[in-house]
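A quick write-up on the structure given underneath.
The values are calculated or read from the model by the stated rules, or taken from the named source; none is laboratory data. The structure presented is a predicted model; accordingly, all values stated were derived computationally and were not measured. FYI the Cβ positions are ideal-geometry reconstructions off the backbone, even for glycines, and counts take in every protein chain you see.
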There are 2 protein chains.
Amino acid sequence: MTLKTLGAKAAAALDQELMSTCAFSLDQLMELAGLSISQAVYRVHPPSKGHKVLVACGPGNNGGDGLVAARHLFYYGYHPSIFYPKRGKNELYQRLAKQLEDLQVPFVEDFISAAENTDHIVDAIFGFSFSGEVREPFPAVIEALQKSDKPVTSVDAPSSWDIEQGPPKSGLGSSFMPTALVSLSAPKPLVKHFTGRHFVGGRFVSPMIAEKYNFQVPEYEGVDQVVEVDVTGMKL
Amino acid sequence: MTLKTLGAKAAAALDQELMSTCAFSLDQLMELAGLSISQAVYRVHPPSKGHKVLVACGPGNNGGDGLVAARHLFYYGYHPSIFYPKRGKNELYQRLAKQLEDLQVPFVEDFISAAENTDHIVDAIFGFSFSGEVREPFPAVIEALQKSDKPVTSVDAPSSWDIEQGPPKSGLGSSFMPTALVSLSAPKPLVKHFTGRHFVGGRFVSPMIAEKYNFQVPEYEGVDQVVEVDVTGMKL
C-alpha cells in the first residue's frame, strides 16, 4: 500500500469545492484545521515539555490556521507568542488576530530572538499554494528554522519546500527537516521526502470528496481531530 | 463554593459580545459549540453502546449547534439522523444541513417513530432564548422526550424548561429530566433543578469575558472541548 497524496492543484480545487458545493465557510474550515494543528502540537510537545510555543504565521490561509492553533494552545495551558510580519488583509485573519490579542497573546517582531526563547515552534508560514521563491521577510525565518535546535511542527508543508518536489536541492530550506508535519485533509507529494512524525488532520472530508479526489481518509480514533500515520498513510 | 450561572439576558449579551467586540463569527462559535456537544455525547454514550443517534433540532441557534454536533458524531462513527421540522432561514443553518446531506445523514419527519428506533437522543430544540410556550410541532416532541426510555442529552437547556426557573410546575415538560446536559459557555440558572450528568462546553471564553460576566470557566483537561462538573461547578 502506498500513500496517496494530493498535488498543489488538486488541493486548491478541493478547498474550493469544500467552500462552494460542500457549503463550508472558510471560518469553519480554518477553525477545524487550526484545532487539528493544536492537537498535533499537544502530542508532539505536551505542556509538560515546556509551555512556550512560538507560532510563525505567513500572510495566507496557512498563517490563518496558525492563528487558530495558537488560540487553542492558549486554552490548553500553553503560552503562545505569534510572529506575523505580513498580516493578511482578509477580515477573517484580522478577527483571528483580535481573538488572540484579547487573550493577551504577544505578537513578536524579532523572530530570531523569539525562537531562541521558546520551547516549540509552529511553522504556519507557507502552505500548499506556495511555489517559487521565499519572499522577504521570510528567508531569515526559514534560515533560523533550519538551524534551530527547537522542535518544529509544520503545517501542511515545511515552509520553503516545493509541494510536489519536496526540499530545495540546495540553499535556503534544503536542510530544513521539521520534527513533525500536520497534513491538512490529505498529505501532499512532498511527504515522500519527510522523515519526521507525520499527522493528518482536518476531520471534515466526506467519503464522497475523498473518493472524488482519490485519497484515503485515515482512521481517526475517538473524538480526535488528528491522527498520526506511517509512511504508507496507515494509522500508527 | 456555589455554582455561578448566567441568566437568559446575560447569556444573550455574552453571545452578542463574542460576535462583536470579541470578533468571533457565528460559524466559528457554532462549530466549537457543536464539537463540545459531540464530545459530551461520546462520553455519555460511546459508540459501543449503540451507533444510532437522533438529533432533534429547533429553528434557532440551539438547532444549529445540534446540526454541527451531528456532523462530528458521523465522523466519530455514529449513525446520526436529524429531526428538523422548522428549518431556520439563516443561510448558515442551510449550509450546516447541506453538510449533513452530503454525508447522507437522513432527515426524518416522524419524531415519535424515530425516537423508538434510536440508541440516544440529542435535544437541541430550545436554548437560552426560550421562554413562554412550546410552539407546534414541538409539544408532541417534548412529550415523547419526557416519556422516552432512551438516554437524552440536552443542549444548554432541557427543552421546555424555563431558563431561570427550571422545569414547568405542571403539564408538558414538568417531568422531563434528560440524562445529560451540556451547558455552553456557562451553566444557566435552571441547572439547580437538574439532576443528571452535567457538562460544560465551549472552550473559547476568555478570562476577560468570564470576569466581566462573573462566572467561572471550569478546568478542562488536555485538548478536551468539554468538561464534566459537579453541582458546585468543579471538574469531576
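A few points about this structure:
- Taking the numbered list (1) free of Cβ contacts under 8 Å to residues at least 12 places away in the same chain; (2) touching a helix residue (DSSP H, G or I) at 6+ places or on another chain (Cβ under 6 Å) in turn, B:PHE128 passes all entries but (1).
- Residue pairs meeting the criteria (Cβ under 9 Å; at least 6 apart or on separate chains; first of a type in the set (D, E, K, R) and surrounded by 24 or more Cβ atoms within 10 Å (Cβ to Cβ), in the stretch B:148-163; second modelled with pLDDT of 95 or more and part of a strand (DSSP E or B)): B:ASP156/B:ALA124; B:ASP156/B:LEU181; B:ASP156/B:VAL182; B:ASP156/B:SER183; B:ASP156/B:LEU184
- Only a single item in (1) assigned to a helix (DSSP H, G or I); (2) surrounded by fewer than 23 Cβ atoms within 10 Å (Cβ to Cβ) is not met by B:PRO59, and it is number (1).
- One residue alone among B:PHE128, B:PHE204, B:PHE176, B:PHE215 is within 29 Å of A:SER48 (Cα to Cα), assigned to a loop (DSSP other than H, G, I, E, B) and more than 14 Å from chain A (Cβ to nearest Cβ), and that residue is B:PHE215.
- Count of the stretch B:41-56 residues which are surrounded by fewer than 18 Cβ atoms within 10 Å (Cβ to Cβ) and not in a helix (DSSP H, G or I): 4
- For the stretch A:69-96, residues that are within 16 Å of B:GLN225 (Cα to Cα) and touching a residue at least 60 places away in the same chain (Cβ under 8 Å) total 1.
- Which listed residue is under 16 Å from the mean Cα position of the chain (by Cα), of a type outside the set (D, E, K, R) and at pLDDT below 95, from A:SER183, A:SER159, A:SER129: A:SER129
- Considered as a group, the residues in the stretch A:110-126 that are small (Gly, Ala, Ser) and under 21 Å from A:ARG71 (Cβ atoms) include one that is farthest from the chain's Cα centre (by Cα), and that residue is A:ALA114.
- Matching entry among B:LEU14, B:LEU18, B:LEU35, B:LEU29 (being in a helix (DSSP H, G or I) and touching a His at 6+ places or on another chain (Cβ under 8 Å)): B:LEU35
- Inter-residue pairs, beta-carbon under 6 Å, first farther than 11 Å from A:PHE111 by Cα and in the stretch A:54-67, second modelled with pLDDT under 95, 6+ apart: A:PRO59/A:GLY88
- Taking (1) of a type outside the set (Val, Ile, Thr); (2) within 15 Å of the chain's Cα centre (by Cα); (3) under 13 Å from A:VAL55 (Cβ atoms) in turn, A:PHE107 satisfies each apart from (2).
- Hits in the stretch B:179-207 (condition: in contact with a Phe, Trp or Tyr (Cβ under 8 Å, 6 or more places away or on another chain) and more than 14 Å from B:ALA8 (Cα to Cα)): B:ALA180, B:LEU181, B:VAL182, B:HIS193, B:ARG203, B:PHE204
- The number of residues in the stretch A:138-191 that are among the aromatic types (Phe, Trp, Tyr) and touching a helix residue (DSSP H, G or I) at 6+ places or on another chain (Cβ under 6 Å) comes to 2.
- Qualifying residues in the stretch A:72-88 (those that are crowded, with 24+ Cβ neighbours inside 10 Å and assigned to a helix (DSSP H, G or I)) - the one farthest from the other protein chains (Cβ to nearest Cβ): A:LEU73
- Any hit, the stretch A:100-115, residues being under 16 Å from A:MET30 (Cα atoms) and within 13 Å of another protein chain (Cβ to nearest Cβ): yes
- Meets criteria (within 13 Å of chain A (Cβ to nearest Cβ), assigned to a helix (DSSP H, G or I), surrounded by fewer than 20 Cβ atoms within 10 Å (Cβ to Cβ) and basic (Lys, Arg)) for B:ARG95: yes
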